[in-house]
Each structure stands twice: as C-alpha cells, then as structure tokens.
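The next block holds one structure in the form of structure tokens; read it before the comments.
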Amino acid sequence: MTDSKRTLTACLLLFAITALAYAGTWGHGFVNYDDQDTIVNLMLIRDLGDVSAFFEPVVRRGLPEYMPLKNLSYAIDYALFGLSPAGFRIQQQLWYGLCVLLFFFWSRVVLSRIELAAPYVSWLAFAAAALFALHPSHVESVTWLSGRKDVLSGAAMLIALRCAQLEGAAGLVLALLSTLIALLSKPMAVVLPALFVLQDWVGAGAPGRSIRGRRTLYALSLLLCAAFAAFYIDLVGSHREDANPPPYNSFAGPAWLRWGQQYLVFLRLATLPTGLVPRLPASLLDSDLVSLRALAGLLLLLFLVAGGVYCIRRRSSWLLPLGLFTIPLLPIVASPPWHQYVGGRYLFLSVAGVCLAFAIGWAALVRLAPRLQPIATLTLLLIGCCWGALTLEYNASWRSGSTLWERAARVYPDFSELHSLAAGAHVLEGRPDLALRSLSSCLKIDPREPKCLAAAGELLLPVDPEQGEAMLRTALEHDHKNEVATVLARHLMRTGRAGEGLHLYERSLDGTAVKAENLALLVRLALAAGKETKARHYVRDLVRAAAVNHPGSPAPIEVVHNVAAELGDAKLAATVEQVAQSCRRSDCFARGMGW
C-alpha cells in the first residue's frame, strides 16, 4: 500500500471513529446552559445580510464576550436550518472531525522530528489522533452547541501550528492569518506564540538554528496576540466585573495557591476523565496551605516547572507533550473566566499533549523492551475503549437540561447548585413535581440556600401561598442577587399588595447596581400601587439604563416600549410614550445621560 493510500485510510478511520463516538447526539436539543443566550435568543444570528455587524466591538446583552466568528457560524446554521438543534450539530461535528484530522497531520510532522518515534511515526500519529477523538472532555465542546468556539478555535490553532512548520513567506502569512482566525473564535488562542516556539525547539536539528530563523514569526504573532488581548480585556473586562460571580465558584486563598490545584484537577480530568460535569464544586480547590490537596498541587506545579527546565536543557522530546498540556491552560489558570477555575471544555487543546505523551511513551517502552510491544499496544487500545465508553455515557447526559443536571447532581450530590439547576431545567420542561424533588435535595444540603428557597417558594405559591411566601421571606436574608426579592415583589403585586412589594423591592436594591430588568419591575410596582410620579421617575431611569447597559441594543425608547408590549401593560406603554416626547436620543443623551 502506498503512503497516500495509507494516509487516506487513516483519515477515513479517524473520521469514522469520531462519527461513531457522537452518533447518538443527533436527537439532542438545546440545553439550558448558555444555549438560550448564545443561540436561541441571540437576534444577531438571525440576519446574515450585514456580515460586518458580527465584528462590531460591542458586548451584547446576555453575551459578555467578543467571538465574532463563533456567532457568524451560528448565523450560517440559522440561515440553513432555522432553530433546529440537529442543523447546528452538523457544522459542530464537522469542525470537530477536522480538528482530529488536523491533529493527525500535525503530530505526524512533529513525531517525525523525534528520533525516539522514527520507526513508528504514522502509527503513533494515528493512535494519538484516535485518542484525541475519543476523549470524554471534548463532549462539552462538541455535543454542547455553545461549545462551538472550542472546535472553531481548535481547528484554527492546529492549522496555525501546521503552517508554522512550513518554510518561507507563505508559511509565515498563513500562520499569522490562522492565528487571527483563532483569536476571533476564542481568546484562549493568545498562547499560540509560545506553541510556535515549543514545536520549533523540539524539532530543531542543530541547536538554536530553527529558533533563530523564525524570529519574525514569533515577534509578529506575539504582537498580534498582545494587541488582541488588550482589545478584548478593554471591551469585555468591565462586564465581567459587573457579572457578580456567585459565591460557590469563589476561591478564598491566594492565586498562587490555586494554580497548582487547578493543574492537578486538569491532569486528572485529562488522564482519568470520570465524573465530568459542566460545573464543578469549589471543594476541588482548597485555600488551606496545610491541606493535602494544596500541597499536592504545589508539588505538581514544581514538577511541571522543573520538568520543563530539564527538557529545555536536554532538548528532550517530552517537552512537547508537557508544553502542549500546560501552555493552553495558562489563560485559565492566570485569569479564570467568570471564576470558573476548572472545566473539561478548557482542556480541548491540552488533551492533545496527553495523547502525544501516550504515543511517545509507547515508543520509549518499545525501544527499551521490544517484547513489550503487544502489551503497550493493547494498553493504548484499552485506554481508547475506556475513553470512548465514557464519551458515550457523557454524551447521553447532554440530551436535555434535566438529564444534564440530574447526572451532574448524582456525580456531586453535595453540590447544592447542581440540584438547583436541575430544578430549573424541570420547570422549563413542564415538570414541577420533579423540580420540587430536586429543590428538596438542595435544601437538605443547605436549608438556607437562597436560589433553592426562592425556586421552591415560587413553585409553592400557586398551591400553598402561605408556605411559599414564608419560604421566600426566609430566603431574603441571604438574597445577594435580588432573586428572592424579585419573586416576592411580583407575588405581592399579584395579591393586591403592590405598595408593600414596591417598598420591599426598593429596599432590596438599595446600594446595588440597578439593571434595566429591575427598573422595569419597579415601574410596574409603582403603577400598581397608584404612584404615577414615582413610575415616571423609574421609566426615565429605565431609558437611561437601557442605553448605558446595552449599547448594542435597539434605541432605549424602543427597549422600554418592548418591555411594555411583553408585559401587556397599556398604562406602562402610555407612560413611556410621554417620556419619549421629552427624552429622545438627540435630547437626553446629548446632555451626557449615558449614550
């Protein structure tokens, strides 16, 4: 068989392995874990007429990020299939299949430069790519439709790495273009300059020659990534600070004590990927220096640094998998988004380092003891089978929001937030009895958990108003995000106590950053309580808040009109119209009121 036929056969087998691993996901729907904000309710993707709109430097409501190529890919799906989850899944899985094939071609080149792997390059590249295709942590990037950014940026980063292996100006231009595409898909691609140096260092024939000859690539890619990082932080950073991350994801200790523990958890999820869930408990990280978890993390961090220094000095082939695992995680370890310190989706490219480590380990073992080749090969096969089985099992849990969070709650039964999320999914799917069961489990863990108290109280209001209201009032003491106060204020308004509801809600919002949705409820409460002057005051504030908080939204007056229409409140609509006559954009906002 010729080399071209062997390559084609390998590609077909890899594509088949990838397709089989995700064949059971075609009937899955959108999941109430970002899919609503990033796809279903994102009006941007409903119109492909103006492509430039996707690249506007704005942060949209419910979507505090800048990933224009991800949104553009969703718009293509919507144009072809509407809001069909299966239609969105086609492109998602094609991108992932491309990532697997790109990893195969890239690893074949880098392994050919490693003396240890010389006789087995094609076989090792195929084995590494097959393990990459079957890794369970990739489920969050492939089956979860909001993970489109991972497969897009992963493909672009692998193309950039492969182009950087080419000589001449063409390779330089293509590598930089691919780097830009990766950055516009997901900002984690800022690590590419370090990966360019890594692959050249490992593959350098004479010491330093390849490194010196590629300084232009390193300098330009570093400049590009640094400029994008500065732009992204300036655009998105303030919105992330305003997000008020919930306490269950907060880490009390210093950052340096967190880093080793994060890598420790990532290493476990990459090598023994059992118990994967999209949201992990804070108990995985310990802020106590004398704890075993913290000490183990610090030892791992020391090992990674010492191992890196040793491999650099010896120009060891083990530097490649070590760096490929460690470097892509640096943005998460340095500045975890939304205080989510650990997650399987962050391992998308780092898993490639683990797969390469298994391949190089196979070559080292076979070289040391040739008789062990069948055992080494069987070991790789067993790892692939185990990972494949875990992928199938994890895929099944992403069928809907309820299946996802119910499984997550079984994996971490003492993590109350997962029970709360399961309850929310049951409510959305019209199963209040199952929602109450999940909330009961949540309150057994923490009887004063505000989210669970609020949700349980709201569910009980129609059947047992007194008990429901009592639960809501109990939860008010720990209501740091005004979720309980919102539910209780609406209940008081429905039961003819709008004045009490207005006073309660005003008091709960005192000293907090008031958002447009808070002001909309204040307007309704004031109107229901017969306080027209106060209602007009809050409507003016609502107009300003619409402009200040959401500059990418329609005109502020239109926003408030839409609020009135959705509520079916003719009185609110009339009040808004009165304000609109005296507070148009050219008037109010020209006087420095926020536009």
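One line per residue, one yes/no per condition, for (1) over 30 Å from LEU111 (Cβ atoms); (2) touching a helix residue (DSSP H, G or I) at 6+ places or on another chain (Cβ under 6 Å); (3) surrounded by 14 or more Cβ atoms within 10 Å (Cβ to Cβ):
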residue: GLN262; (1), (2), (3): no, yes, yes
residue: LEU285; (1), (2), (3): yes, yes, yes
residue: LEU298; (1), (2), (3): yes, yes, yes
residue: LEU301; (1), (2), (3): no, yes, yes
residue: ARG313; (1), (2), (3): no, no, no
residue: SER316; (1), (2), (3): no, no, yes
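Just one of the listed residues (VAL265, VAL305) is at pLDDT 90 or above and under 30 Å from TRP144 (Cβ atoms), and it is VAL265. Of the residues in segment 97-105, at least one is of a type outside the set (Ser, Thr, Tyr), at negative phi, touching a Gly at 6+ places or on another chain (Cβ under 7 Å) and in a helix (DSSP H, G or I). Every listed requirement among (1) without any contact (Cβ under 8 Å) to a residue 12 or more places away in the chain; (2) under 14 Å from LEU83 (Cβ atoms) is met by LEU8 save one, (2). Only one entry of LEU368, LEU382, LEU329 meets the criterion of being more than 30 Å from PRO462 (Cα to Cα), of a type outside the set (Phe, Trp, Tyr) and surrounded by 17 or more Cβ atoms within 10 Å (Cβ to Cβ), and that entry is LEU329. Restricting LEU488, LEU527 to those that are assigned to a helix (DSSP H, G or I) and under 37 Å from the mean Cα position of the chain (by Cα) reduces the list to LEU488.
Is one or more of the residues making up segment 345-366 farther than 21 Å from ALA127 by Cβ and either of a type outside the set (D, E, K, R) or modelled with pLDDT of 90 or more (or both)? Yes - at least one qualifying residue is present in segment 345-366. Selection of first residues in segment 107-123 that are surrounded by fewer than 19 Cβ atoms within 10 Å (Cβ to Cβ) and of second residues that are β-branched (Val, Ile, Thr), restricted to Cβ pairs under 6 Å at least 6 apart or on distinct chains, gives the following pairs, ordered by first then second residue: SER112/VAL121.
Scan segment 322-371 for residues that are in contact (Cβ under 8 Å) with a residue 24 or more places away in the chain and of a type in the set (Lys, Arg) and the total you get is 2. Scanning segment 395-402 turns up no residue that is without any contact (Cβ under 8 Å) to a residue 40 or more places away in the chain and more than 20 Å from the chain's Cα centre (by Cα). The set of residues from segment 58-88 being assigned to a loop (DSSP other than H, G, I, E, B), closer than 24 Å to GLY401 by Cα and under 17 Å from the mean Cα position of the chain (by Cα) comprises ARG61, GLY62, PRO64, GLU65. Against the numbered list (1) over 32 Å from the mean Cα position of the chain (by Cα); (2) within 21 Å of LEU542 (Cβ to Cβ), ASN518 comes up short only at (1). Does GLY27 satisfy the criteria of being under 23 Å from the mean Cα position of the chain (by Cα), part of a loop (DSSP other than H, G, I, E, B), loosely packed, with under 14 Cβ neighbours inside 10 Å and of a type outside the set (A, V, I, L, M, F, W, C)? Here the answer is yes, as GLY27 does meet what is asked.
Residues checked against (1) among the hydroxyl-bearing types (Ser, Thr, Tyr); (2) modelled with pLDDT under 85; (3) exposed (fewer than 15 other Cβ atoms within 10 Å of the Cβ):
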| position | (1), (2), (3) |
| --- | --- |
| GLY424 | no, no, no |
| LEU434 | no, no, no |
| GLU449 | no, yes, no |
| LEU453 | no, yes, no |
| ALA475 | no, yes, no |
| ALA485 | no, no, no |
| GLY499 | no, no, no |
| LEU504 | no, no, no |
| GLY511 | no, yes, yes |
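The values are calculated or read from the model by the stated rules, or taken from the named source; none is laboratory data. In this text, all values refer to a predicted model and were calculated from it rather than measured experimentally. Note: ideal-geometry Cβ built from the backbone for every residue, glycine included; neighbour counts use all protein chains shown.
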